[in-house]
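Undergrad: Before I ask anything, let me first share the structure, which is written out below as structure tokens.
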Amino acid sequence: MTKKVDKSFPKITSNQLTTLSPWVTLSAKNVSWDSAEKPSVFHSFQQADYVTMLGVRPDGLIPIVKQFRPAVEEFTLELPGGLLDRNDAPENIAIGEMREETGHNVLHSPTFLGCLYPDTGRLENRFWAYFSEVSPQENSDWNQEPGIEVILVTRNELREMILDGRFKQALHISVIGLALTKGLFKWS
């Protein structure tokens, strides 16, 4: 005999918010799993959505960025990206971040790859992913952002960086995986 599932549970019975900074709010949610059980407390973080883009130049080179990330206390290799301003569309943020961080213009309307959850256990934000062909070189009026180094890599170099652990930003690897899966990107 199977137990009948009560579809009114799980239920969030309360949510206490604590602002930690202008960028992060701690959420403490009480969750009841059934009517007889005492609620359990789960913690998560509210923050702005992430936006990123895999861009490929006509010559096949891919602009990536190297920057110091205090959270992991090291320099990381990443795709260009940023945070979603609630007053703008994710696509516009992706286009702007490509230009700001790498100096490359997006040549066509970017292809939307998907909107993902970065970490369903602890983060409440979303991750917007795009793909586009970008200009063959940096804009002549572009000023490189302090602390960000642009590196142009081939597809095979990027693949090797992922395999040997130099490029290890999991969300950005998922963007590459989405582009591969959708047939928009190939390793060679």
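The values are calculated or read from the model by the stated rules, or taken from the named source; none is laboratory data. Quantities reported herein were computed from a predicted structural model and do not represent experimental measurements. In this analysis, Cβ positions are derived from the backbone assuming ideal geometry, glycine residues included, and neighbour counts consider all displayed protein chains.
Undergrad: Within region 151-188, work out how many residues are more than 18 Å from the chain's Cα centre (by Cα) and either in a strand (DSSP E or B) or of a type in the set (S, T, N, Q) (or both).
TA: Residues meeting the conditions: 6.
Undergrad: Could you look through region 128-142, keep only residues that are surrounded by 13 or more Cβ atoms within 10 Å (Cβ to Cβ) and more than 21 Å from the chain's Cα centre (by Cα), and pick out the one that is nearest to P58 (Cα to Cα)? Give the steps one after another, and end with the answer.
TA: We begin by selecting, within region 128-142, every residue surrounded by 13 or more Cβ atoms within 10 Å (Cβ to Cβ); these are 128-135, 137-138, 142.
When the remaining residues are screened for being more than 21 Å from the chain's Cα centre (by Cα), the result is 135, 137-138, 142.
Details: S135: 7, Q137: 9, E138: 13, W142: 19 Å.
Residue satisfying both the conditions and the ranking: S135.
Undergrad: Next question, about the same structure. List the number of the failed condition for E73; all other conditions in (1) at pLDDT 95 or above; (2) in contact with a strand residue (DSSP E or B) (Cβ under 6 Å, 6 or more places away or on another chain) hold.
TA: (2)
Undergrad: Find the residue count for region 143-161, including only residues that are in contact (Cβ under 8 Å) with a residue 24 or more places away in the chain, over 19 Å from G103 (Cβ atoms) and loosely packed, with under 14 Cβ neighbours inside 10 Å.
TA: As a first pass, look at region 143-161 and keep what is in contact (Cβ under 8 Å) with a residue 24 or more places away in the chain: 144-145, 147-156, 158-159, 161.
Okay, now just the ones that are also over 19 Å from G103 (Cβ atoms), so 155-156, 159, 161.
Retained after the next criterion (residues that are loosely packed, with under 14 Cβ neighbours inside 10 Å): 156.
So the answer is 1.
Undergrad: If you don't mind, another one. Show the residue pairs meeting these rules: Cβ distance below 6 Å; 6+ apart or different chains; first residue within region 75-86 and buried (at least 17 other Cβ atoms within 10 Å of the Cβ); second residue part of a strand (DSSP E or B) and among the hydroxyl-bearing types (S, T, Y).
TA: Pairs found: L79/T52; G81/T52.
Undergrad: I'm trying to understand the selection: among the residues of region 26-41, which are touching a Lys or Arg at 6+ places or on another chain (Cβ under 8 Å) and surrounded by 15 or more Cβ atoms within 10 Å (Cβ to Cβ)? Break it down stepwise before answering.
TA: Initially, region 26-41 is screened for residues touching a Lys or Arg at 6+ places or on another chain (Cβ under 8 Å), giving 31-32, 41.
Within region 26-41, V31, S32 qualify.
Undergrad: Tell me, please, whether a residue that is among the basic types (K, R), closer than 14 Å to R57 by Cα and either over 10 Å from the mean Cα position of the chain (by Cα) or not assigned by TED's automatic domain parsing to the domain that holds F167 (or both) can be found in region 112-122.
TA: Pass one, region 112-122, residues among the basic types (K, R): 122.
From the residues that got through so far, the ones that are closer than 14 Å to R57 by Cα too are none.
Scanning region 112-122 turns up no residue that is among the basic types (K, R), closer than 14 Å to R57 by Cα and either over 10 Å from the mean Cα position of the chain (by Cα) or not assigned by TED's automatic domain parsing to the domain that holds F167 (or both).
Undergrad: Determine, yes or no, whether I93 is within 11 Å of W128 (Cα to Cα) and either over 15 Å from the mean Cα position of the chain (by Cα) or of a type in the set (V, I, T) (or both). Spell out the reasoning first.
TA: Details: within 11 Å of W128 (Cα to Cα): yes; either over 15 Å from the mean Cα position of the chain (by Cα) or of a type in the set (V, I, T) (or both): yes.
Yes.
Undergrad: Among the candidates L54, L26, L77, single out the residue that is within 18 Å of W128 (Cβ to Cβ), among the aliphatic types (A, V, I, L, M) and touching a Phe, Trp or Tyr at 6+ places or on another chain (Cβ under 8 Å). Quick ask: steps written out before the conclusion?
TA: Details: L26 fails: within 18 Å of W128 (Cβ to Cβ); L77 fails: within 18 Å of W128 (Cβ to Cβ).
Exactly one residue qualifies, and that residue is L54.
Undergrad: Which condition number does I93 fail, the rest of (1) more than 30 Å from R159 (Cβ to Cβ); (2) in contact with a Leu (Cβ under 9 Å, 6 or more places away or on another chain); (3) assigned by TED's automatic domain parsing to the domain that holds V106 being met?
TA: I93 satisfies every listed condition except (1).
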